[in-house]
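Contents: one structure, followed by commentary.
Just so you know, all these numbers are worked out from the coordinates, no wet-lab data involved. Source: prediction; values computed, not measured. Cβ coordinates were reconstructed from backbone atoms using ideal geometry, including for glycine residues, and neighbour counts include every protein chain displayed.
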Amino acid sequence: MTSHRLPQGGLIDRSAALQFTFDGKHFSGHPGDTLASALLANGKRLLGRSFKYHRPRGVISAGTSEPNALVELREDGRKEANTRATTIELYDGLIAKSQNRWPSLNFDVGAVNSLAAPVFVAGFYYKTFMWPKSFWEKLYEPAIRRMAGLGSASKEPDPDLYEKSYAHCDLLVIGSGPAGLMAALAAARSNVRVILADEGSRLGGSLLFEKEEIGGRSGLDWASEVIAELASTPNVTLLPRTTVFGWYDGNIFGAIERVNDHVAVPPPHEPRQRYWRIIAKRAVLAAGAEERPIVFGGNDVPGVMLASAVRAYSNRYAVACGRTAVVFTNNDSGYRTAHDLRACGVAVEAIVDSRAEKSGAASGVRTVHARTITRVIGGKSVSGIQLNDGTRLECDLVAMSGGWSPIVNLACQRGAKPQWNPDIAGFVSPPTNGSLVAVGSAAGKMLLSECLADGAAEGSQYGKSLAVPKCRDEAFAVSPLWWVKSSKGKAFVDYQNDATADDILLSEREGYTDVEHVKRYTTTGMATDQGKLGNVNAIAILAEVKGKTIEEVGTTTFRPFYTPVSFGALAGPFSGKHFQPIRKSPLHEWATDLGATFVDAGLWIRSAWFPKQGETWLASADREVRNARERVGVCDVSTLGKIDVQGKDAAAFLDRLYCNTFSTLAIGRARYGIMLREDGITFDDGTTSRLSDDHFFMTTTTANAGRVMSHIEFCHQALWPDLDVSYVSVTEQWAQMAVAGPKARATLQKVVDDVTLSDTTFPYLAAKEITVLGGVTARLFRISFSGEHAYELSVPADYGSMAARAIMKAGEEFGIAPYGTEALSIMRIEKGHVAGAELNGTTTAADLGLGRMMSTKKDYIGRVMAGREGLLSKNRQCLVGLRAVNKADRIRGGSHLLKKSDSPSMANDQGYVSSVAWSPMLDQWIGLALLANGRERHGEVLTIFDGLRNKNFLGEVCDPVHYDKENTKLHA
Amino acid sequence: MPEQKPVRASPLAGVARPGRFGSPTKTPGVELSVLHPASIVTVIARKDCADRLRDALAKLKDCSVYWAGFQQYYVVAEGRADDALHRELMEQLSGIATISDQSHGRIIIRISGPNARQTLAKGTPVDLHPDEFAVGKSALTQMSHVVVHLTRTGKDTFEVSLFRGFAESFWEWLAQQAGEFGYRVA
Amino acid sequence: MGDATPQRPRSTDPAAAERWFDYVYLRSNPKGLLDEYAHHSGGCRSWLVITRDTQTHDIFAVTTAREFANKRNGVAT
């Protein structure tokens, strides 16, 4: 393997060598190289195998559009599949592997697919692998995956940091070529906030490889001066290595900055990639244009490359892509390649110009007109070509140019379709609402002077106008040649998907003629490059066979992302433990000290049970329940939603929110309330207390706290803004604990200051502001979810753990023990209290046995719709209790209820089990259920059918209150 | 029961430990401190009292008043006895505002230093450029999936207040974002 | 969060059954401009009424739900 590195030139640092490996072999390159340029410099041409036919493939482009040179980069948790060798910056120690070859790149078993080519034509998935069906899973799918898969993903966690950030600007400039630099410079001089983003490792765009002259200097020198000025201007942010991938509502742009992809391991605390959301008042799309391949026989053989890429490798990276080149072009720009190659000592055998007329471009190279290449000779590397007149030319490099496509992707991501411009034979950006404007060659301006002027004009809208420097223009004229019909061998339209011109024709013949159907049928335009090279050719070929214009055929839909974006970058720092925020109760520390096991409840983590050594969750919960029912227990209920409702109209407002009445509630008292939705279904429940005439303290369920707050805000702001009421969430201000059990009063009496807790001074449903522990503000409520004589005590959150410890200490002599959400749930089921499983968005208050709470004297949310016939029907499923006839049977949540002798079917369904619990007090599993006409069916024996476990047994319907129906304990 | 004066427990006790963290090579660009114990009181204008409330708030001494929504403010003070600010406002603003103590419900974190703005920009879509977000200005926004109240209290100084339950989770996020600049915890 | 045009009927209106159905369930889903509710739940918690083009997502006006309701009810603010 001999060196293809040119002796001089290029933007590489020859003084430093970077070592890297490709497929385990060691190579060397220089700072400034990409992986592709370094491999090409080392004479490495064969970089991958194609998707379907496993044909040898090499580098085609010098950038983002690369469909072939996809590699697995890095190893272990940092491995990234399908990365483009043409955009990977070389670093010392880089490790890459080729993909889609088995067992090795040089000898690939799958290449036999080429011989079986008729099987693999467009639509092969649908046709071949459909029958017999069972073969799909067992045989075809695994085989296809192995043969046709792209790179493989790592199964290890990615050890690197990813980050998200927002940025704001007056003008976002996307692309830092001549047009982008002019736009940014003009705006910067007007002192507005500018962000200049470019996907390249170095700013300058095409000026990094095209030999231009601007303002009497080289294009590169001019660019360097402009970039230096921008870098020193306040309010200008330069973002190299940043791909703007999406344009979204509100003129927000998504971008990925590859902060540390150019080093093996990011420095400590630095992210690998940063996901920017750029909020731009205006944006300029100066993304340039993409050169197209020509579709001809063997146009994928390693050594066939885009003409502009050949220039980029020689001018920017000092790499000669071959020794003897042939240029195949349908436009003037191909001549630049011939010129530049000769300048660096590469022989140019001929320019094959498909146009009959002479080009305006100078070349000094033998040029044949009105000729095309029909065949490329060579397998793993080009060794020659054959023209349509039969002439054979020896060469090892074919530089092709099928014209240029403005890069309009971003401008089309919000629904607008690009417009065909026949003068340049390319689609140009559609008119937009002005918030994103394409300039330069992205707008179809193909001359350098036009690009500079266009950029300057856009950037000068902020006040200062910018003089356009003089420059030399290269000729640009194009006469379309989409495909060489007389091609020998496969002529590829989409390299990555191995879609050929024949596939497009087949698709059309088989009736898939719409451009979107052709895309799906042939897979043209899919996968990582999204048809950056192939789409326009495919559209043109389709237009030709359909006898329509390119405009009539149109493009497929443009969507984000412009280039692939890693999941890591989209997730940012929010993965693993930080997937979502964790919300801790003020009693978390107290519960942790007592050995609690925690459970996720929305974002909250709540103490679920407090096991003693060796206890299972069930044994622990069983003990906690008994202790609360027989002695006294403490439970953290801080997560309940708590809303302070105040104002002259607070009572009137609550009357409209709840189906029952609160204006009649006495000061110092609490009341259980139910809110409905406007459609008459129950929404939430909770206890609300009146602290003073115009001050209420509302509680909601933990699960609905946020929704209730939003609902309250809606009702006040959108429905009744005339009410004098205000409300604020105080959920987090108060640590709240339930103290329940026969010894609850005795325990609390030791904690409160100056209050005697008796049935007269503090009766059931009393609610008062008091102090505890020698002066700590507190609120005490005599309410009960457990059915025991119970209280809920609120103290300011910072005192929560201290107060809970004090209660534990006070209750020590009574045998106090903490209980968690499991015991809480058991006790509420024993008492037939409804919770989320019953307030489930389908039940009415009447269904839950709470129909009498619905006032008939006032307007409230849900009143009218709750009176609908269907919601009053006698046959509705309503709340019942349920016990197994055989005490040993375990009722399971979700089981369905059937008449005793019915078999399970939808028609026979009578209802279902909504909540189940092991009842320590009844010594058996008990349930709450929603049963058709359930209230009238207490005592009926029916079948409980557990479809998941395919079990059924008999159960008896009973009152939902399983335990202490007379509430003797509550009032004890 | 105990006559010992109760001590407020910070939700970030044991989490926000003093020291120097993050990038070992850079001079710390961010300083983080937890303002605890602080007094924070929500004040909402009663109907047709917005102007009177604004005037009354302007006369308050030894505390800061931050916008916190429609005719709604946070009054914040440091070094007050627990509940003192709340009681004071109850007296002074009686009849024109709803007063609700949030001193325990919210925690305030101060972020300062040359990279403070960059650190916060990783979380909030609010434009923190000093021309757009000047000293004294507040915003209600989301950072790290948590709703926060953000105020610029100085050229390079911001205060974030949020529900105490999220404090630990938010702190971990904030510390990671400041990591690349290096940060000091006071 | 949905069309802001439907107006809540009074519960006490005996002939309002149809209007209630319309209010709770019927939305016209126009192509073009729509006044719709939005809730600034991650911020100041105001309900807003936004005038949005349902085709382009361009927003033409924003007002608070309060002002929208007051204007509709003929209340001066």
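The simple Förster model, with R0 at 60 Å and r as the Cβ-Cβ distance, assigns C:D53 and A:A17 a FRET efficiency of 0.55. Computed from the Cβ-Cβ distance with R0 of 45 Å, the FRET efficiency linking A:T391 to A:A231 stands at 0.30. Averaged over the residues of peptide A:854-866, the number of Cβ atoms from other protein chains lying within 10 Å of each residue's Cβ is 3.
Stretched out straight at 0.36 nm per residue, the stretch from A:H26 to A:E551 would grow longer than its current Cα-Cα span by 184.1 nm.
A simple spin-label model places the labels of A:D514 and A:A666 7.2 nm from each other, with each point 7 Å out along Cα-to-Cβ.
Each of A:F662, B:F70 has some number of other Cβ atoms within 10 Å of its Cβ, and from fewest to most they run B:F70, A:F662. Charging the Cβ of each Asp and Glu at -1 and of each Lys and Arg at +1, and nothing else, the dipole of segment C:37-77 about its Cα centre rounds to 200 debye.
Between the residues A:Y860, A:H896, A:L872, the greatest Cα displacement towards the positive end of the dipole of segment A:851-922, with unit charges on the Cβ of Lys, Arg, Asp and Glu, is found for A:Y860. What is the local net charge at A:Q733, summed over the other residues whose Cβ is closer than 11 Å to its Cβ (Lys, Arg +1; Asp, Glu -1)? My count for the surroundings of A:Q733 gives 0.
Averaged over residues, the count of other Cβ atoms within 10 Å places the peptides A:768-774, A:165-171, A:508-514 in the sequence A:165-171, A:768-774, A:508-514, highest first. Using the Cβ of A:F492 as centre and a radius below 12 Å, the other residues enclosed give a net charge of -1, where K and R count +1 and D and E count -1. Expressed as an acute angle from 0 to 90° and rounded to the nearest 10, what is the orientation of the C-alpha long axis of helix A:178-189 relative to the principal long axis of chain A? With rounding to tens, the tilt is 60 degrees. Can you bin chain B into rounded, prolate or oblate? Criterion: square roots of the alpha carbon gyration tensor eigenvalues sorted a ≥ b ≥ c, rounded for a/c under 1.5, prolate for a/b above b/c, oblate for the rest. Oblate is the answer for chain B, as a/c is 1.5 or above yet b/c matches or exceeds a/b. Remark: mean inter-chain Cβ contacts per residue of A:677-684 equal 1, using a 10 Å Cβ-Cβ cutoff to other protein chain atoms.
With all pairs of different C-alpha atoms in the average, the Kirkwood value for the hydrodynamic radius of the protein assembly as shown is 35.1 Å. Shape analysis of segment A:845-948 places it in the prolate category; the axes a ≥ b ≥ c from the Cα gyration tensor give an a/c of at least 1.5, with a/b above b/c. Arranged from fewest to most other beta-carbon atoms within 10 Å of their beta carbon, A:C715, A:C659 become A:C715, A:C659.
Each Lys and Arg contributes +1 and each Asp and Glu -1, all at the Cβ; summed about the Cα centre of segment A:608-651, the dipole is approximately 140 debye.
For a paramagnetic label modelled on A:S104 (point 7 Å from Cα along Cα→Cβ), amide N atoms under 15 Å away belong, within segment A:15-44, to A:22-26. Taking label positions 7 Å along the Cα-Cβ direction at both A:F579 and A:A652, the computed distance is 4.8 nm, reported to one decimal. Using C-alpha pairs below 8 Å separated by at least 6 residues, the relative contact order for chain A is 9 percent.
Electrostatic bookkeeping for B:S103 treats Lys and Arg as +1 and Asp and Glu as -1; over the other residues with beta carbon under 13 Å from its beta carbon, the sum is -2. What is segment A:602-687 by shape, rounded, prolate or oblate, if you read a ≥ b ≥ c off the alpha carbon gyration tensor as root eigenvalues and call it rounded for a/c under 1.5, prolate for a/b larger than b/c, and oblate otherwise? Since a/c reaches 1.5 and a/b is larger than b/c, the shape of segment A:602-687 is classed as prolate.
Starting from the 7 Å offset along Cα-to-Cβ, what nm value, one decimal, do you get for the label separation of C:D35 and A:D423? About 4.7 nm separates the two model spin labels. Note on the protein assembly as shown: with charges restricted to the Cβ of Lys and Arg (+1) and Asp and Glu (-1), its dipole about the Cα centre is near 1300 debye.
Under the criterion of Cα pairs below 8 Å and six or more residues apart, the relative contact order for segment A:725-866 equals 22 percent.
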